[in-house]
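Here is the structure we will look at, set down as structure tokens.
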Amino acid sequence: GAVPEPSGAPRPAPDGVVGAQDLQAVEGTRLTYRLGVGACDTDITPLVQEREDVVVVGGGVTRASGVCTDQLQLAPVTVTLKAPLGARAVLDVVTGAPLRIGSR
């Protein structure tokens, strides 16, 4: 079917949660995507939630406590799904937007 569109007004992500920017590769049960992180973020960790019809991805970070530049960096991460992606849509955890390979 059609890829779902995000609904509702956007709201800020919880502190320490970052969104996925795009998909890089889908190989069987392996999903590689890029997270939008801050220049001083550390402990970058992929997050994934699998359902029968959708996979939601994002990441967790530890924010710097001091002064840092305000710039977005792309950090590639890879997760292993319980089952091949198949026809399931991949959605960003922050925006709910569908992701495709090279989508942003």
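Write down Rg/Rh for segment 55-104, rounded to two decimals, with Rg from the C-alpha atoms and Rh from the Kirkwood relation over Cα pairs. Provide the component values of the computation, followed by the final result.
Numbers: Rg = 14.0 Å, Rh = 13.5 Å.
Looking at segment 55-104, the ratio lands at 1.04.
Excluding ligands, DNA and RNA, what is the solvent-accessible area per residue of the chain at a probe of 1.4 Å, expressed in Å²? Mind dumping the intermediate values first?
Working: 6380 Å² over 104 residues.
Result: 61 Å² per residue.
Working from label points 7 Å from Cα in the Cα-to-Cβ sense, the residue 52 to residue 25 distance is 3.2 nm. Sorting 36-42, 69-75 by average packing, meaning the other beta carbons within 10 Å per residue, from highest down gives 36-42, 69-75. Taking every alpha-carbon pair under 8 Å whose residues sit at least 6 apart, segment 50-104 reaches a relative contact order of 48 percent.
Treating only the Cβ of Lys, Arg, Asp and Glu as charged (+1, +1, -1, -1), what charge dipole size does the chain show about its Cα centre? Round to the nearest 20 debye.
Values: 9 positive and 11 negative charges, 26 e Å.
Dipole magnitude for the chain comes out near 120 debye.
Which of the peptides 81-89, 58-66 is most tightly packed, and how do the rest follow, judged by the mean count of other Cβ atoms within 10 Å per residue?
Details: 81-89: 12.8, 58-66: 15.0.
Per-residue Cβ counts within 10 Å, averaged per peptide and sorted highest first, yield 58-66, 81-89.
Here the 3J(HN,Hα) profile of segment 81-95, calculated from phi with Karplus coefficients 6.51, -1.76 and 1.60 at θ = phi - 60°, is 7, 6, 9, x, 4, x, 8, 5, 6, 10, 10, 6, 5, 7, 9 Hz, Gly and Pro shown as x.
Over the Cα atoms of the chain, Rg to Rh with Kirkwood Rh, two decimal places? All intermediate terms of the calculation are to be shown ahead of the outcome.
On the way: Rg = 13.8 Å, Rh = 14.2 Å.
Result: Rg/Rh = 0.98.
The values are calculated or read from the model by the stated rules, or taken from the named source; none is laboratory data. Computed from a predicted structure; not experimentally measured. Quick reminder, even Gly has a Cβ in these numbers, built from the backbone with ideal geometry, and neighbours come from all protein chains shown. Each accessible area value is taken on the protein alone, full model and side chains, heavy atoms only, with ligands, DNA and RNA left out. Shrake-Rupley method; radii C 1.70, N 1.55, O 1.52, S 1.80 Å.
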